[in-house]
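The values are calculated or read from the model by the stated rules, or taken from the named source; none is laboratory data. In this text the structure is predicted, and so the values were computed from the model without any measurement. Neighbour counts are summed over all protein chains in view; Cβ atoms, including those assigned to glycine, are modelled from backbone coordinates with ideal geometry.
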Amino acid sequence: MSLTRLLAVARKEVLQILRDTRSLGIVVVMPVTLMLLFGYGVNIDLKGLPVYVYDQDGSQQSQDLLKHFQASPYFHIVRAVDNVPAIAHALDASQAKMGLVIPWNFSQRLSQGGPVEVQALVDASDDNTANVLMGYAQGVVQGYSTGVQISWMRSHGLSLQAAPINIATRTWYNEDLESRAFIIPGVLALVMSVIGAFLTSLTIAREWERGSMEQLISTPITAMEIMLGKLAPYFVLGMIDVAVCAVLAIAWFHVPFRGSYLTLTVSSALFLVVVLLLGFFISVAAKNQLAASQAALIITFLPAFLLSGFLFSIDQMPIVLQWITYIFPARYYVALLKKIFLKGTPAAMLGVDLLPLAGFTVVLALVATRSFHKRLE
Amino acid sequence: MFGRLKQMLIKELIQVVRDKRTRFILIGPPIIQMLVFGYAANFEIHNVSTVVVDMDHSQESRELISRFTSSPYFNVQEQLSDASRAHELIDQGKTTLALEIDAGFAQKLRNGETAPLQVIVDATNSNTALIASSYVSQIALGFAQQAQQEQIERIAPQVIEQVPSVQLEQRPWYNPDLRSRWFFVPGVIGSLTTVLVITLTSFAVVREREIGTLEQIMVTPIRPVEFILGKTLPFFLIGLFDALLIGAVGTFWFQIPFRGHFVVLLTGAVLFLICMLGMALLISTVSSTQQQAMVTAFFVIMPTITFSGFGFPISAMPHWMQLASYAIPLRYFLIVLRGTYLKGVGFDILWPQMAAMAGIGLFGLTMAISRFHKALD
């Protein structure tokens, strides 16, 4: 292997990247954009959900219950209607997430004693929102019910304690339960998959498409030198992106960072090498840029997005899909990122995730150079 | 005009269908992505691994625990006698949730004092943590209600029938079992169509320019409008074909109910495809290489999918993002998709979405065509 030849390839690649201002802009702008998109756009902390009410009773008591809903930050009573079809229409047209129906004999039943039922019609097409909303609604009604019971007992000369159970929930590693803290570390994996696999596979596939790769190969350069020379500039760009992302995450979004910068750098470098090799392999295997882009999408971006634990927890997936996640490197990197950012897991305990990544590097380096040779024959 | 247009259409379709790899790209990746999305995109939680630290060993504490043991959402793995061991298990990622009941729990309940239940959740996945804590509080609320009832029974057994209480009867419409898949799969049809149509169309146009065949075509008597129509119509058809293909996977494989009218969905899909074609043409006018087109397309697609409400509720986004989402055609198409699949609503409800897509589509297409003219002159 000759360092001069390797550097020559790298220099050519750098010049090409620098000349194409858009691609260069992408390298800087993309991580920032993705960070902002996911930092602000991915949020499940719901507040002010629109509610329609149909108060058949119109009494002091029913208004009281509605005030409890109004006081909750999670609900916003948008409109009072006077029939059930109006509620159904509002749910159909997504103008309301919930319709509350208070029966006509609400206050009468309350004064007679015994249970009264209030109906909540919930738009559950978004199951997650519905789930959280129903939990909040249950809490509001139960709070109201307890109040009613206490004042009833008091008016009969008996004393009753409110809320016999106090649930003290502590959410570890992400105390404010911010979606942001959970999402943003994983964005690094997305950014690097795009930089590593998309950009490299397309640039190299273009060389094949135009025939300039054959020209390069007729020179005394070896396959290894071509591969390393082509990938080195992208490695540098990728590491710059890691730095940009980490600074944004910590300084702008205030994501806790409890691990060490060294482990973050080592893990990121390792993952970057894996995706770069994958990108190189894809470009060798694919015949043209269209095929390369689709392959890069399916092999790197999609797993980083769906099968890495970035958004969706792996242990809730069907078992076969859980096995499949093991063959994609993104899974290990996302696990590393979450441990380094949120948990501050000591470096010695990160081996379970680092070793598979190292394994991928070795295997992919062998496969990529071999298929490169094969393609030339 | 129609003779030339027909020739152009035939040429384009042959070009797409001739190549085995391109043929595969039209069918393979959409189906793979649909399957992965359908199985992986899931916010439901089941069997959250839970440990219990019961320091009270009373009938009450055991009853509370049994409510968790019998819930499908929690998988109570171990009963520990030491809180620090539970903390260790969470630190190691071996369990997600720890319930701690201190000594004196039952005594406090019997005395009518507030009894604390401590909950620790691993919130590295904030979604799991949010849903899990919502279930914890629902279970604990149920237990609290019963405890309160028992308290009343002890204080005043003679009046237990007369004490009023309010109950909430919740009816989750459209998706009664709260299945994540029902929410995601219709959305996947929209986002996959977006990715497919934008990349394929912009690649096809840019490739002609990159290879230099665009100039050759321009010296023929074909007019720009004919060229654009001839170039985009095949992808319109392909997009429609793929949307139907993915839709069929959703209906027949994932068993998502389709409650609306096919004509409504088809109208929405046609309008949406017009928007996407306009977008793809605009991308192709600003890109001179396929790599640039890919990168630009990526920049359009990522925000489109994030802003559209595909995975996360628009109402939880910051205000500026909510405003921006009105310019995104996918936002409207998702409402049409979920409206026809889950809600079974028709034109009377969905006309505003249809009108918005028609407006955006016409505007985008006009812009694209006029820019295209300029690019050719």
**OP:** Evaluate the following for B:Arg207: is it closer than 30 Å to A:Val140 by Cβ and outside any loop (DSSP other than H, G, I, E, B)?
**Re:** no
Original post:
Among the residues of region B:338-360, which ones are surrounded by 17 or more Cβ atoms within 10 Å (Cβ to Cβ) and facing chain A (nearest Cβ under 9 Å)?
Top reply: B:Arg338, B:Gly339, B:Tyr341, B:Leu342, B:Lys343, B:Val345, B:Ile349, B:Leu350
Original post:
If you check B:Pro164 against the conditions, is it farther than 27 Å from A:Leu91 by Cβ, surrounded by fewer than 23 Cβ atoms within 10 Å (Cβ to Cβ) and either of a type in the set (Phe, Trp, Tyr) or outside the structural domain of B:Arg62 (by TED's automatic domain parsing) (or both)?
Top reply: yes
Original post:
Which ones in region B:36-48 are more than 7 Å from chain A (Cβ to nearest Cβ) and either aliphatic (A, V, I, L, M) or touching an Asp or Glu at 6+ places or on another chain (Cβ under 8 Å) (or both)?
Top reply: B:Val48
Subject >> Filter result (crowded, with 19+ Cβ neighbours inside 10 Å and at pLDDT below 85) within region B:45-73 >> reply: B:Ile45
Subject >> Residues of region B:87-109 that turn out to be under 38 Å from the mean Cα position of the chain (by Cα), surrounded by 15 or more Cβ atoms within 10 Å (Cβ to Cβ) and outside any strand (DSSP E or B), as a count >> reply: 7
Original post:
Somewhere in region A:344-357, is a residue under 18 Å from A:Gly259 (Cβ atoms) and touching a Gly at 6+ places or on another chain (Cβ under 6 Å)?
Top reply: yes
Original post:
If A:Leu160 satisfies every condition in (1) among the aliphatic types (A, V, I, L, M); (2) farther than 29 Å from B:Gln107 by Cβ; (3) modelled with pLDDT under 70 but one, which is the exception?
Top reply: (2)
Subject >> Among the residues listed as B:Phe184, B:Phe241, the single one being more than 7 Å from chain A (Cβ to nearest Cβ), closer than 30 Å to A:His89 by Cβ and within 24 Å of the chain's Cα centre (by Cα) >> reply: B:Phe184
Original post:
Within region A:329-358, how many residues turn out to be more than 25 Å from A:Leu277 (Cα to Cα), more than 11 Å from chain B (Cβ to nearest Cβ) and within 21 Å of the chain's Cα centre (by Cα)?
Top reply: 0
Original post:
Considering region B:49-86 alone, what residues qualify as being among the polar types (S, T, N, Q) and part of a strand (DSSP E or B)?
Top reply: B:Ser49, B:Thr50, B:Asn75, B:Gln77, B:Gln79
**OP:** Look through region B:318-332, keep the residues that are without any contact (Cβ under 8 Å) to a residue 12 or more places away in the chain and part of a helix (DSSP H, G or I), and return whichever of them is nearest to A:Leu36 (Cα to Cα).
**Re:** B:Trp320
Original post:
Which of (1) within 41 Å of the chain's Cα centre (by Cα); (2) within 7 Å of chain A (Cβ to nearest Cβ); (3) in contact (Cβ under 8 Å) with a residue 12 or more places away in the chain does B:Gly112 not meet, given it meets every other one?
Top reply: (1)
**OP:** Inspect all residues belonging to region B:174-197 and state whether any of them is over 30 Å from A:Ala124 (Cβ atoms) and assigned by TED's automatic domain parsing to the domain that holds B:Ile31.
**Re:** yes
**OP:** For region A:219-227, state whether one or more residues are touching a Gly at 6+ places or on another chain (Cβ under 8 Å) and surrounded by 20 or more Cβ atoms within 10 Å (Cβ to Cβ).
**Re:** no
Original post:
Across region A:327-353, what is the total count of residues that are β-branched (Val, Ile, Thr), in a helix (DSSP H, G or I) and within 21 Å of A:Ile250 (Cβ to Cβ)?
Top reply: 2
**OP:** Considering each of B:Gln118, B:Gln151, B:Gln162, B:Gln167 in turn, give the residue that is within 7 Å of another protein chain (Cβ to nearest Cβ) and part of a loop (DSSP other than H, G, I, E, B).
**Re:** B:Gln162
Original post:
Out of (1) assigned to a helix (DSSP H, G or I); (2) in contact with a Ser or Thr (Cβ under 8 Å, 6 or more places away or on another chain); (3) at pLDDT below 90; (4) buried (at least 21 other Cβ atoms within 10 Å of the Cβ), the odd one out for B:Phe298 is which?
Top reply: (2)
Original post:
Taking the stated definitions as given, is B:Ile335 facing another protein chain (nearest Cβ under 8 Å) and in a helix (DSSP H, G or I)?
Top reply: yes
**OP:** Taking the residues in region A:3-44 that are among the charged types (D, E, K, R) and away from chain B (no Cβ under 12 Å) as candidates, determine which candidate is farthest from B:Val286 (Cα to Cα).
**Re:** A:Arg5
Original post:
Does A:Ala304 fit the bill of being of a type outside the set (S, T, N, Q) and within 11 Å of chain B (Cβ to nearest Cβ)?
Top reply: no
Original post:
Which one of these does A:Val132 not meet: (1) in contact (Cβ under 8 Å) with a residue 24 or more places away in the chain; (2) more than 8 Å from chain B (Cβ to nearest Cβ); (3) of a type in the set (A, V, I, L, M, F, W, C)?
Top reply: (2)
**OP:** Please state which of the following conditions A:Asp20 fails to meet, knowing it meets all the rest: (1) more than 36 Å from the chain's Cα centre (by Cα); (2) within 18 Å of B:Ala293 (Cα to Cα); (3) among the acidic types (Asp, Glu).
**Re:** (1)
